[in-house]
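Participant: Got a structure here, written out as structure tokens. Questions coming.
The values are calculated or read from the model by the stated rules, or taken from the named source; none is laboratory data. None of the values given here were measured: they were computed from a predicted structure. In this analysis, Cβ positions are derived from the backbone assuming ideal geometry, glycine residues included, and neighbour counts consider all displayed protein chains. Ligands, DNA and RNA are stripped out before the accessible areas are found, and what is left, the full protein with its side chains, is counted by its heavy atoms. Shrake-Rupley method; radii C 1.70, N 1.55, O 1.52, S 1.80 Å.
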Amino acid sequence: MLPFTSHHPYYTAENARGAVSCCGVHNHAQSKPAGAKAYPFASLRCPCDPPPPTMALAGAPVALRAPSTAPFPARPHPGRNPPSLLVVSASSSPPPPPSPAAADAPARKPFTYSRASPSVRWPDMDLSEYYSEPSSPHVPSFPIPMPPEEEAASVSTGDGLPAGVEVVDAGDGEGEEGGDGPLEASEERQSRTRAKKMTKLALKRAKDWRQRVQFLVDRILSLGPGEFVADVLDAKLVQMTPTDLCFVVKWVGRSSWHRALEMFEYLSLRRWHSAPAHNPRLLTTIISVLGRHRQDALAEEVFCRAMRPLSTSASAAELADVPPSAQVYNAMMGVHARAGRFERVQDLLELMRARGCEPDLVSFNTLINARAKSGRVPPGTAPQLLSEVRRSGLRPDTVTYNTLLSACSHGGTACLEDAVKVYADMEASGCKPDLWTYNVMVSVYGRCGMPQEAERLILELAENGFSPDAVTYNSLLFAYAREGDAEKVGKLCKDMEKAGFKKDEITYNTIIHMYGKQGRHDLAFQFYGEMKLVGCKPDAVTLTVLIDSLGKAGQIMEANDVMSEMLDSGVRPTLRTYSALICGYAKARMLVEAEQMFDHMLQSGIQPDNLAYSVMLDILLKAGNVRKMMVLYRDMVRSGFKPDRSLYMDIIVALKKCNKDDNAEEVVKDMEKVAKMGPQLISSILIKARYFDWGAEMLKHAVAQGYDLDEGDFATLLDSYSSAGMNEEAYALLEFLKEQCPNSHRMLSETSIIMLCKNRQLERALEEYSRMLRIGSLSTTLSVYESLITCCEENETFSEACQLFSDMTFFGVEPSQNIYRSMISIYCKIGFPETAQNLLHQAESAGLLFDNFSPHLIIVETYGKLKLWQRAESLVGRLRNQYQSKVNRKIWNALIHAYAESGRYEQARAIFNIMIRDGPSPSVDSVNGLMQALITDGRLEELYVVIQELQDMDFKISKSTILLMLDAFARAGNIFEVKKIYYGMKATGYLPTMHLYRSMINLLAHGKRVRDVELMVAEMEEAGFKPDLTIFNSMLKMYVKVEDFRKTADVYQKILSNGFQADEETYNTLIMMYCKDQRPEEGLSLFNEMKRQELEPKLDTYKSLLAACGRGQLWEQAENIFESLLSKGCRMDRSMYHVMMKIHRDSGNHSKAEHALFLMREGGIEPTIATMHLLMASYGTAGRAEEAESVLNSLKSSSLDLSTLPYMCVIDAYLKNGNYDMGVKKMLEMKADGLEPDHRIWTCFVHAASLCHETSHGIMLLNTLRDAGFDLPIRLLMEKAESLVIELDSFLDQLGSQENASFNFVNALEDLLWAFERRATALWVFQLAVRKGIYHHNVFRVAEKDWGADFRKLSAGAALVGLTLWLDHMQDASLQGVPESPKSVVLITGTALYNMVSLNNTLKAYLWEMGSPFLPCKTRTGLLVAKAHSLRMWLKDSSFCMDLELKDAPALPKSNSIQLIDGCFMRSGLVPAFKDIHEQLGQVGPKKFARLALLSDENRQKVITADIKGKKEKLEKMKKRGIVRARKPTRLRTGKIVRRRHQKHLQSTSG
């Protein structure tokens, strides 16, 4: 029959650190035949053990602990004085009576199980002929077998004796072993009235031994406090054998271990029937008695005394004559086993073997019992213990198997396999299972949550001839109670009562525990009340279960009330009761109350167990009381207990935090000696406690000594290193271990790979993996592949992940669910959803089901992104059939978005309707999917219709839906709709978000809505949002587009002031701004700054910077930029090469232009006609018309269809060189080749005619055009213009705007007309070009109150016409006073060259000659600025402005009135003066230039000479005075250049 504590649920109660269970295992006593001599005693005490108490009863004083009401003395509390010792002698007065409190306290009642009797367990069977009922309360409830050697010889009667017991005369006689005995009467003192002493043989054969033993037991137990056992034994009332005396000691020990120990000491002093130390049976009996009463220290003392020699004079031969006895060792092992001290039992087993005493089956059964009680048995322990029994040459019996099964029953699910193996081994060995066996197996299945298997075993039990008893029902009841099946528990209770068994304490305790665990405390207390009503008195276990359940539920006050009720009812709390309440206090964070309860437990005399010590240590650690914790820890170790691994970990961590390194060393020593921890485990704990160096050194020391590495502990150690960021130290340790542990190389490599993956060092992990493959380590574990693939997924190295998965499949490693999930995600990310779906099918075929549908979701989403909506639809349909319409809402939404990606609104709406009909109901994401489908399909006008339908269906339109619509209209550039939605959203209460502001500002900035953007930014700041870098970048782009470079600079300053770091977009925009503003130097500075910050400019940025450098004639910088592009291997388009060819053409380096063409072909870009045109233009600019003609000839030989463009390049080259005949000839060749002259040829000839020095040459070129069929230019030059207006208008309409044909032709025509003084004609041609949109209508803006003008892209002649007309308008406005002028008037000339002519220089020369107040802008190039007042005065007073009317000359001049010099298109008569002034004086102001230009050559030279001389004299005077001032910066220089020169000048003067 199973004892109560083996199967009751409370004894698996959990505390804050884990489950600790207490089990009791039935131990069948087995002994060797009597008569075996005891081996001489030897001391086993460790030097550090406390000295044992000395005991004596006759004469000599005895040192005993103070009496207590507890069954064993109270243990001293840490930090308090030890309890005092009471010295008792034979003549001393009796001990004082107990205190009233102790007297009132109820005596501890031993647990008795009323169903131990077979007749009670099976009431339906008549077992009276086999078993008799117990007749005395002192006789145990289970039958005690009669020892075969004890049979009484005769029975006599006497006064005061039981019937059949005779009183013998006192006297000296021989004992059975040859010694004197106090209970054997001598023959000299025999009386005739008394029975004579029986012989030894008769005494052995006497059958009244029970009556004699019971007689002496009663006499001894009836002794008063001042009486001694010696008085009873010296009276020699009955004759006893040594075996009878053993039974007396045993039976007395059931009630009083003090009297049993006193009797044993008396017999030891009198050496009755040989010394007890040499009597294994008596020694075994007293050790067992002390062990049952938890007097482990006294039992250890008796054992140690017995193992020492009886006298110091005993020789070695005498000692060798005393053989050791296994009974004594077994008894002592039983004492330690009862306390769960497995290591001590192992030591005793080894000591037996060392002293020549072979362990018997009882020894191994005791060892197994100790292992079971030492705590949760690790998996695999039971088969190992069974193998150890067989290795010793013993055959396991039923007790062995039952004990092993009991141990497995407390291991939970982890030990289920061990229990099944042991049970199978039992059946295979022929050892028949008994009822105990079946009950234990029922308990095993119950604890593992397998009640069906437990029921099957009960059926097997009945088939093998056994009947279930109360323990069987209670075990099965516990199985279903553990599962929380209250219905099945109720049914079993009814079945139990039908079988004749009433619900007992165990039944009620199980039910109460079940409801307490479920939190149904009302039902638990209901059964508690029922238990008391039916007369089943709640014991300590019942109340402990209630306290434990309430404590775990956090109802600590109710648990405290149950404890008070327990004390009031006289039930003495047990160790488990106190432990449960302490755990409850600890869970409720009531640390002070928990500590007080622990103190109360100690005062009650209850010895703490491992659980109580562990909980209190945890409480003290949480309270931070390290001093008390160390005191309690030392007491715990002295009591034979040890903390578990996690508690040791917490202790070391606490000591580390408090810098208690000395205490930490003490604890580590205990971990080595007491806890028997290996060095690698200790090092793991030390490293977790941040003793990194200490732990690493200990591990290295252990490995150097030959210890094997434990994979789990080593992984924990590396994790600790990794979490502390000590990666390099971890790698160094790995390399050391690889050298020291060649057998663990594979494990170390795998651990290294896992650690590298955790530290995101994928490259090193892959290198280590490749190294493993090279050395032949192919059996890589699943965890390694899982770590590598997961790390590859995080780093987005998908190709490596696919290769790893391929290796994994090749080596036969079955993928885990996480690997399948990662690979499905990876294949979807790289655009292979079909492969991902195949992997999903493989995982499902392998039984790996994904409950959250995340793989299905990502596959559907990927199909949608790839516009494979049919496959997504098929997958969802299969999923719907598989799970019977229970499809996740996320799957439906993913399918809707898959349709939306392809613009399939109708299909998406069908799924939306299915969700409404069958569920789950659509969400905001579903609505957004519908809207996205319309947006993708471009049906923006239907968005409002769908919104209205959804509102009619009671769907609330969310903010995200509105934002989606707003983004759609924003991408479409519909500013009106965007603003309407924006203001409507604000009206409905939806506040704008940062994303909304970002989208709005980006849209408005893209539309150049400067005012709206500024208002939106202001509104955003008022709402508490600060513009981010994206918004600033949008504003930068906007201001660059509108060419408001000042505000662009302001925005950039805001970016820096707000603490943002400029990104690629910022730098690219700023560089584009500087390129547009003709400031390539600053653009190059930002370009270099980007390089320093490792930011890569866009290709458009490179192109703009190249073009700006070309315009700014920064040839070297342009070449460096182009070379950097080539060195990086950037794939450039054709336009980049064209830009470089233009730059080389402009710089005159035509060989490099040819090289650019070669690079272009080498880059895989075939040149086009435009490319060859650039090359030919380059040759033409260089005056190398022959090379241009050779290019033309090569084009002719190719299969390309040529246009007039390449011919125009050759003709233009000859015309620029003044070789007009060759130009005409090439045009005729072109006509011969089948190409008629077009606008390009006409423009080329007109432009060449405008630059002809002689009028005749120009007329010749124009006549050539007339001969070719185009006479309009010569007629405009020779005839009256009024008759040609309509014809010119019609011609310009024919040209259109293709390739800027009209623009280029009008520009060339304006140059021609201005050069040959047909300026009135040039004026109406200019006005016609403005009217037809060829020139901008706002070339000058006097009527708009701006008074500014923009002549960029106009030819020199057109600009001069426009300038004259602009001055005339301003003169009229200044005279009339309407419109008013601004403070400054700006003329935009630009810096670009048009047909190698600088418009800026041309206009400056014209204005300077007139003495105008226009000056170059100080901050920007290409601008001329004049103060409005000075301009108005000049327009009124200057003689040059007296007549601004443009008129045609009466006749054509003989020579060209305009001359091109240094890119300046100026009046021919001004050229000599211009050269004199600029060569001798440099740049001068407009007024000074005008005065000098009007002088004759002789007077001009005198004035220039005097001016130079005056400057020199002035400088000499300043040097003599020692004052050298920096030159005052002129208005013609920018501030930056002046500052730079000023700084250089100061440095030179200071040096």
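A quick yes/no check of all residues on (1) assigned to a helix (DSSP H, G or I); (2) free of Cβ contacts under 8 Å to residues at least 24 places away in the same chain:
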site: ARG771; (1), (2): yes, yes
site: GLU794; (1), (2): yes, no
site: ALA801; (1), (2): yes, no
site: VAL813; (1), (2): no, no
site: SER825; (1), (2): yes, no
site: GLY831; (1), (2): no, no
site: ALA843; (1), (2): yes, no
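Participant: Name the residue that is farthest from ALA553 (Cα to Cα), counting only residues in the range 572-581 that are open to solvent by less than 40 Å² (accessible area, probe 1.4 Å) and either in contact (Cβ under 8 Å) with a residue 60 or more places away in the chain or of a type in the set (Gly, Ala, Ser) (or both).
Facilitator: ARG576
Participant: Select from the range 708-728 the residues that are open to solvent by less than 20 Å² (accessible area, probe 1.4 Å) and of a type in the set (A, V, I, L, M) and write down the one among them that is modelled with the lowest pLDDT.
Facilitator: It comes out as LEU717.
Participant: If I ask for residues that are out of contact with any Cys (no Cβ under 9 Å at 6 or more places or on another chain) and open to solvent by less than 60 Å² (accessible area, probe 1.4 Å), which ones from the range 818-834 would you list?
Facilitator: ILE819, TYR820, ILE824, SER825, CYS828, GLY831, PRO833
Participant: Residue check: is ALA1490 exposed (fewer than 11 other Cβ atoms within 10 Å of the Cβ) and among the hydrophobic types (A, V, I, L, M, F, W, C)?
Facilitator: Judged against the criteria, ALA1490 is not a match.
Participant: Right, here's the next one. Quick one: which residue in ARG1092, ARG1111, ARG1134 is open to solvent by 70 Å² or more (accessible area, probe 1.4 Å) and touching a residue at least 60 places away in the same chain (Cβ under 8 Å)?
Facilitator: The match here is ARG1111.
Participant: While we're here: State whether one or more residues within the range 1440-1452 are surrounded by fewer than 21 Cβ atoms within 10 Å (Cβ to Cβ), over 24 Å from LEU1494 (Cβ atoms) and in contact (Cβ under 8 Å) with a residue 12 or more places away in the chain.
Facilitator: Yes - at least one qualifying residue is present in the range 1440-1452.
Participant: Another question, if that's okay. Given the criterion modelled with pLDDT under 85, in a helix (DSSP H, G or I), open to solvent by less than 10 Å² (accessible area, probe 1.4 Å) and more than 23 Å from GLY584 (Cβ to Cβ), identify the matching residue among LEU655, LEU681, LEU686.
Facilitator: The conditions single out LEU686.
Participant: Same structure, new question: Considering only the range 390-403, I want to know if a residue exists there that is over 24 Å from GLU460 (Cα atoms), assigned to a helix (DSSP H, G or I) and of a type in the set (D, E, K, R).
Facilitator: Within the range 390-403, one or more residues are over 24 Å from GLU460 (Cα atoms), assigned to a helix (DSSP H, G or I) and of a type in the set (D, E, K, R).
Participant: Separate question: Looking at the range 338-388 only, could you name the residues that are modelled with pLDDT under 85 and β-branched (Val, Ile, Thr)?
Facilitator: Those that are modelled with pLDDT under 85 and β-branched (Val, Ile, Thr): ILE368, VAL377, THR381.
Participant: Among residues belonging to the range 845-874 that are under 16 Å from ALA900 (Cα atoms) and among the charged types (D, E, K, R), point out the one that is nearest to the chain's Cα centre (by Cα).
Facilitator: The selected residue is GLU861.
Participant: At least 2 residues that are under 38 Å from the mean Cα position of the chain (by Cα) and under 25 Å from MET1000 (Cα atoms) in each: list the helices (runs of 4 or more DSSP H) lying fully within the range 1031-1132 that qualify.
Facilitator: Hits in the range 1031-1132: 1045-1057, 1064-1076.
Participant: Give me a count of the residues in the range 446-458 that are crowded, with 18+ Cβ neighbours inside 10 Å and out of contact with any helix residue (DSSP H, G or I) (no Cβ under 8 Å at 6 or more places or on another chain).
Facilitator: 0
Participant: Further question: Consider PHE853 carefully, then state whether it is open to solvent by less than 50 Å² (accessible area, probe 1.4 Å) and either at pLDDT below 85 or of a type in the set (Ser, Thr, Tyr) (or both).
Facilitator: Taking the combined requirement at face value, the residue satisfies it.
Participant: For the range 395-405, indicate whether the set of residues that are under 48 Å from the mean Cα position of the chain (by Cα), open to solvent by 20 Å² or more (accessible area, probe 1.4 Å) and closer than 28 Å to MET441 by Cβ is non-empty.
Facilitator: no
Participant: Suppose we filter the range 1038-1087 for residues that are farther than 26 Å from THR1389 by Cβ and basic (Lys, Arg); how many remain?
Facilitator: So the count comes out to 1.
Participant: So in the range 1353-1381, with the set limited to residues that are assigned to a helix (DSSP H, G or I) and of a type in the set (Asp, Glu), which one is surrounded by the most Cβ atoms within 10 Å (Cβ to Cβ)? Reasoning before the result, please.
Facilitator: Our first condition is that a residue be assigned to a helix (DSSP H, G or I); within the range 1353-1381, this holds for 1356-1376.
Filter once more, keeping what is of a type in the set (Asp, Glu): 1368, 1372.
Working: ASP1368: 17, ASP1372: 13.
Of everything passing the filter in the range 1353-1381, ASP1368 is surrounded by the most Cβ atoms within 10 Å (Cβ to Cβ).
Participant: What are the residue pairs meeting all of these: first residue in the range 691-707, first residue of a type in the set (Ser, Thr, Tyr), second residue at pLDDT below 70, Cβ atoms under 7 Å, and 6 or more apart or on different chains?
Facilitator: The qualifying pairs are TYR707/GLN680.
Participant: While we're on this one: Test VAL377 against the stated conditions and say whether it is among the β-branched types (Val, Ile, Thr) and within 29 Å of PRO643 (Cα to Cα).
Facilitator: On the way: among the β-branched types (Val, Ile, Thr): yes; within 29 Å of PRO643 (Cα to Cα): yes.
Judged against the criteria, VAL377 is a match.
Participant: I'd like the full set of residues that are open to solvent by 50 Å² or more (accessible area, probe 1.4 Å) and either more than 28 Å from GLY1180 (Cα to Cα) or assigned to a helix (DSSP H, G or I) (or both), limited to the range 1387-1411.
Facilitator: Once the filter is applied, which keeps residues that are open to solvent by 50 Å² or more (accessible area, probe 1.4 Å) and either more than 28 Å from GLY1180 (Cα to Cα) or assigned to a helix (DSSP H, G or I) (or both), the range 1387-1411 yields ASN1401, TYR1406.
Participant: Also, I was wondering about something else. Which is among the hydroxyl-bearing types (Ser, Thr, Tyr), at pLDDT 80 or above and open to solvent by less than 10 Å² (accessible area, probe 1.4 Å), of SER409, SER392, SER429, SER443?
Facilitator: From the options SER409, SER392, SER429, SER443, the qualifying one is SER443.
Participant: Within the range 580-625, take every residue that is part of a helix (DSSP H, G or I) and among the charged types (D, E, K, R) and give me the one that is nearest to the chain's Cα centre (by Cα).
Facilitator: LYS622
Participant: I've got another one for you. Here is a check on your reading of the model: is ASN1263 among the polar types (S, T, N, Q) and either surrounded by fewer than 18 Cβ atoms within 10 Å (Cβ to Cβ) or in contact with a Lys or Arg (Cβ under 8 Å, 6 or more places away or on another chain) (or both)? Before you say what the answer is, go through the steps one by one.
Facilitator: Numbers: among the polar types (S, T, N, Q): yes; either surrounded by fewer than 18 Cβ atoms within 10 Å (Cβ to Cβ) or in contact with a Lys or Arg (Cβ under 8 Å, 6 or more places away or on another chain) (or both): yes.
For ASN1263, the condition - among the polar types (S, T, N, Q) and either surrounded by fewer than 18 Cβ atoms within 10 Å (Cβ to Cβ) or in contact with a Lys or Arg (Cβ under 8 Å, 6 or more places away or on another chain) (or both) - is met.
Participant: Tell me which of these PRO378 doesn't satisfy, since it passes every other one: (1) within 27 Å of LYS421 (Cβ to Cβ); (2) buried (at least 24 other Cβ atoms within 10 Å of the Cβ).
Facilitator: (2)
Participant: Within the range 1288-1324, count every residue that is open to solvent by less than 10 Å² (accessible area, probe 1.4 Å) and among the small types (Gly, Ala, Ser).
Facilitator: 5
Participant: Go through the range 1230-1250 and count every residue that is surrounded by fewer than 22 Cβ atoms within 10 Å (Cβ to Cβ) and over 13 Å from LEU1205 (Cβ atoms).
Facilitator: The total comes to 5.
Participant: A further question on this structure: Considering only helices (runs of 4 or more DSSP H) fully contained in the range 1175-1279, which possess at least 3 residues that are without any contact (Cβ under 8 Å) to a residue 60 or more places away in the chain and of a type in the set (Lys, Arg)?
Facilitator: Once the helices (runs of 4 or more DSSP H) in the range 1175-1279 are filtered for at least 3 residues that are without any contact (Cβ under 8 Å) to a residue 60 or more places away in the chain and of a type in the set (Lys, Arg), what remains is 1220-1232.
Participant: Which residue is farthest from the chain's Cα centre (by Cα), if the candidates are limited to the range 920-940 and must be open to solvent by 30 Å² or more (accessible area, probe 1.4 Å), small (Gly, Ala, Ser) and under 24 Å from ARG880 (Cβ atoms)?
Facilitator: In this case the residue turns out to be SER921.
Participant: Test ALA470 against the stated conditions and say whether it is touching a helix residue (DSSP H, G or I) at 6+ places or on another chain (Cβ under 9 Å) and in contact (Cβ under 8 Å) with a residue 40 or more places away in the chain.
Facilitator: Here the answer is yes, as ALA470 does meet what is asked.
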